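Written below as C-alpha coordinates is the structure these notes are about.
The values are calculated or read from the model by the stated rules, or taken from the named source; none is laboratory data. Keep in mind that what you see is a predicted model, and the values were worked out from it rather than measured. Cβ: placed from backbone, ideal geometry, glycine included. Neighbour counts: every protein chain shown.
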Amino acid sequence: MDRLSGRIGGTFGGYDLHGTWNGQELAGRIGGRFQGKDVRLHYGAQGVEGRIGGAIAGFDADGSLTPEGGKLRLGGHIDGDDLTLQISGECVSGRFSGRIDGKDVRLERRGHELSGRIGGVVDGKDVHLQLGDIPLELAAVAAVCAYKALEDEEASSAASSSGDSG
(Lines give C-alpha, C1' and ligand atoms only; values in the text may rest on other atoms or scores of the structure.)
Protein backbone atom coordinates (compact mmCIF):
# COMPACT_ATOMS: atom_id res chain seq x y z
CA MET A 1 0.00 0.00 0.00
CA ASP A 2 1.15 3.49 -0.80
CA ARG A 3 0.67 6.42 1.54
CA LEU A 4 -0.37 9.98 0.83
CA SER A 5 0.52 12.58 3.44
CA GLY A 6 1.07 16.28 3.70
CA ARG A 7 -0.67 19.61 4.11
CA ILE A 8 -2.95 21.94 2.20
CA GLY A 9 -2.62 25.54 3.41
CA GLY A 10 -0.36 26.97 6.04
CA THR A 11 0.69 25.80 9.49
CA PHE A 12 -2.21 27.53 11.23
CA GLY A 13 -4.74 27.93 8.43
CA GLY A 14 -4.50 24.55 6.75
CA TYR A 15 -5.50 20.91 6.82
CA ASP A 16 -3.42 17.77 6.95
CA LEU A 17 -4.18 15.11 4.36
CA HIS A 18 -3.37 11.46 5.05
CA GLY A 19 -4.44 8.38 3.15
CA THR A 20 -3.53 4.95 1.88
CA TRP A 21 -3.92 3.69 -1.67
CA ASN A 22 -4.59 -0.01 -2.29
CA GLY A 23 -4.71 0.17 -6.10
CA GLN A 24 -8.46 0.80 -6.21
CA GLU A 25 -9.32 3.10 -3.31
CA LEU A 26 -7.72 6.04 -1.55
CA ALA A 27 -8.93 6.06 2.05
CA GLY A 28 -7.88 8.48 4.75
CA ARG A 29 -8.58 11.73 6.52
CA ILE A 30 -8.55 15.45 5.78
CA GLY A 31 -7.90 17.56 8.87
CA GLY A 32 -7.54 16.25 12.38
CA ARG A 33 -9.25 13.65 14.50
CA PHE A 34 -11.96 16.00 15.79
CA GLN A 35 -12.20 18.68 13.12
CA GLY A 36 -11.82 16.86 9.86
CA LYS A 37 -13.42 14.61 7.29
CA ASP A 38 -12.92 11.02 6.21
CA VAL A 39 -11.95 10.47 2.57
CA ARG A 40 -12.91 7.53 0.36
CA LEU A 41 -12.17 7.82 -3.35
CA HIS A 42 -12.60 4.80 -5.66
CA TYR A 43 -10.59 5.09 -8.88
CA GLY A 44 -10.80 2.78 -11.87
CA ALA A 45 -11.69 2.54 -15.54
CA GLN A 46 -15.02 4.31 -14.93
CA GLY A 47 -13.31 7.33 -13.33
CA VAL A 48 -13.46 8.40 -9.71
CA GLU A 49 -16.30 8.36 -7.22
CA GLY A 50 -16.41 8.71 -3.49
CA ARG A 51 -17.29 10.72 -0.42
CA ILE A 52 -15.48 13.26 1.69
CA GLY A 53 -16.97 13.58 5.17
CA GLY A 54 -20.11 12.01 6.53
CA ALA A 55 -23.65 11.67 5.22
CA ILE A 56 -24.66 15.15 6.44
CA ALA A 57 -21.51 17.26 6.69
CA GLY A 58 -19.72 16.02 3.59
CA PHE A 59 -19.69 16.04 -0.19
CA ASP A 60 -19.48 13.57 -3.06
CA ALA A 61 -16.73 13.39 -5.66
CA ASP A 62 -17.76 11.95 -9.01
CA GLY A 63 -16.57 12.13 -12.60
CA SER A 64 -14.17 11.09 -15.31
CA LEU A 65 -10.46 10.84 -14.52
CA THR A 66 -7.54 9.52 -16.53
CA PRO A 67 -3.76 10.08 -16.50
CA GLU A 68 -4.40 12.93 -18.99
CA GLY A 69 -6.91 14.77 -16.76
CA GLY A 70 -10.57 14.79 -15.91
CA LYS A 71 -13.89 16.48 -15.29
CA LEU A 72 -15.45 15.97 -11.88
CA ARG A 73 -18.14 17.35 -9.62
CA LEU A 74 -17.37 17.91 -5.96
CA GLY A 75 -20.63 18.21 -4.04
CA GLY A 76 -24.17 18.09 -5.31
CA HIS A 77 -25.72 19.34 -8.52
CA ILE A 78 -26.91 22.56 -6.88
CA ASP A 79 -24.45 23.22 -4.08
CA GLY A 80 -21.29 21.81 -5.63
CA ASP A 81 -18.22 22.75 -7.60
CA ASP A 82 -16.85 21.64 -10.96
CA LEU A 83 -13.25 20.50 -11.25
CA THR A 84 -11.41 20.31 -14.56
CA LEU A 85 -7.84 19.01 -14.68
CA GLN A 86 -5.26 18.70 -17.47
CA ILE A 87 -2.08 16.71 -16.96
CA SER A 88 1.02 17.16 -19.05
CA GLY A 89 4.03 15.16 -17.92
CA GLU A 90 4.46 15.92 -14.22
CA CYS A 91 2.34 19.10 -14.24
CA VAL A 92 -1.32 19.38 -13.29
CA SER A 93 -3.28 22.47 -14.23
CA GLY A 94 -6.96 23.18 -14.09
CA ARG A 95 -9.88 25.06 -12.65
CA PHE A 96 -11.96 24.45 -9.56
CA SER A 97 -15.40 25.96 -8.98
CA GLY A 98 -16.14 27.78 -12.22
CA ARG A 99 -14.76 30.30 -14.69
CA ILE A 100 -15.58 33.50 -12.85
CA ASP A 101 -15.69 32.62 -9.17
CA GLY A 102 -13.26 29.71 -9.37
CA LYS A 103 -9.69 28.95 -8.43
CA ASP A 104 -6.74 27.90 -10.58
CA VAL A 105 -5.06 24.57 -9.86
CA ARG A 106 -1.28 24.49 -10.46
CA LEU A 107 0.54 21.44 -9.12
CA GLU A 108 3.78 19.67 -10.03
CA ARG A 109 5.15 16.26 -9.11
CA ARG A 110 8.86 15.98 -8.41
CA GLY A 111 9.73 12.39 -7.57
CA HIS A 112 7.31 11.36 -4.83
CA GLU A 113 6.35 14.92 -3.89
CA LEU A 114 3.41 16.96 -5.17
CA SER A 115 3.52 20.70 -4.57
CA GLY A 116 2.00 23.88 -5.91
CA ARG A 117 -1.00 26.08 -5.28
CA ILE A 118 -4.76 26.02 -5.53
CA GLY A 119 -6.22 29.51 -5.87
CA GLY A 120 -4.60 32.86 -6.26
CA VAL A 121 -1.79 34.65 -4.47
CA VAL A 122 -4.12 36.15 -1.84
CA ASP A 123 -6.94 33.64 -1.45
CA GLY A 124 -5.12 30.44 -2.39
CA LYS A 125 -3.55 27.62 -0.44
CA ASP A 126 -0.18 25.92 -0.88
CA VAL A 127 -0.04 22.18 -1.47
CA HIS A 128 2.77 19.98 -0.10
CA LEU A 129 2.16 16.23 -0.33
CA GLN A 130 4.22 13.06 -0.28
CA LEU A 131 2.46 10.62 -2.61
CA GLY A 132 4.52 7.49 -3.09
CA ASP A 133 3.27 5.64 -6.16
CA ILE A 134 -0.29 7.01 -5.96
CA PRO A 135 -1.45 8.11 -9.43
CA LEU A 136 -0.72 11.81 -9.98
CA GLU A 137 -4.28 12.51 -11.14
CA LEU A 138 -5.81 10.94 -8.02
CA ALA A 139 -3.42 12.80 -5.69
CA ALA A 140 -4.43 16.05 -7.43
CA VAL A 141 -8.14 15.28 -6.89
CA ALA A 142 -7.45 14.50 -3.21
CA ALA A 143 -5.61 17.83 -2.84
CA VAL A 144 -8.55 19.74 -4.34
CA CYS A 145 -10.97 17.83 -2.07
CA ALA A 146 -8.88 18.91 0.93
CA TYR A 147 -8.91 22.48 -0.38
CA LYS A 148 -12.71 22.37 -0.74
CA ALA A 149 -13.12 20.93 2.78
CA LEU A 150 -10.93 23.71 4.17
CA GLU A 151 -12.73 26.38 2.14
CA ASP A 152 -16.13 25.05 3.28
CA GLU A 153 -14.97 25.08 6.92
CA GLU A 154 -13.67 28.65 6.62
CA ALA A 155 -16.98 29.79 5.06
CA SER A 156 -18.96 28.05 7.81
CA SER A 157 -16.82 29.64 10.54
CA ALA A 158 -17.18 33.09 8.95
CA ALA A 159 -20.96 32.68 8.70
CA SER A 160 -21.28 31.62 12.33
CA SER A 161 -19.00 34.47 13.45
CA SER A 162 -21.04 37.09 11.61
CA GLY A 163 -24.22 35.64 13.09
CA ASP A 164 -22.83 35.92 16.63
CA SER A 165 -22.22 39.65 16.48
CA GLY A 166 -25.18 41.74 17.33
* **Single residue of the range 63-81 satisfying the filter (crowded, with 17+ Cβ neighbours inside 10 Å, modelled with pLDDT of 95 or more and out of contact with any Cys (no Cβ under 8 Å at 6 or more places or on another chain)) that is nearest to Arg110 (Cα to Cα)** => Gly69
* Run down Phe12, Phe34, Phe59 and say which single residue is among the aromatic types (Phe, Trp, Tyr) and assigned to a strand (DSSP E or B). => Phe59
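A quick yes/no check of all residues on (1) part of a loop (DSSP other than H, G, I, E, B); (2) surrounded by 17 or more Cβ atoms within 10 Å (Cβ to Cβ); (3) in contact with a helix residue (DSSP H, G or I) (Cβ under 9 Å, 6 or more places away or on another chain); (4) at pLDDT 95 or above:
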{"residue": "Val39", "(1), (2), (3), (4)": "no, yes, yes, yes"}
{"residue": "Gly50", "(1), (2), (3), (4)": "no, yes, yes, yes"}
{"residue": "Leu85", "(1), (2), (3), (4)": "no, yes, yes, yes"}
{"residue": "Ser115", "(1), (2), (3), (4)": "no, no, no, yes"}
{"residue": "Asp133", "(1), (2), (3), (4)": "yes, no, no, no"}
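Kindly check whether there is at least one residue in the range 96-107 that is outside any helix (DSSP H, G or I) and aromatic (Phe, Trp, Tyr). Steps first, please.
Residues of the range 96-107 that are outside any helix (DSSP H, G or I), as a first pass: 96-107.
If we keep only those that are aromatic (Phe, Trp, Tyr) as well, we get 96.
For the range 96-107, residues outside any helix (DSSP H, G or I) and aromatic (Phe, Trp, Tyr): present.
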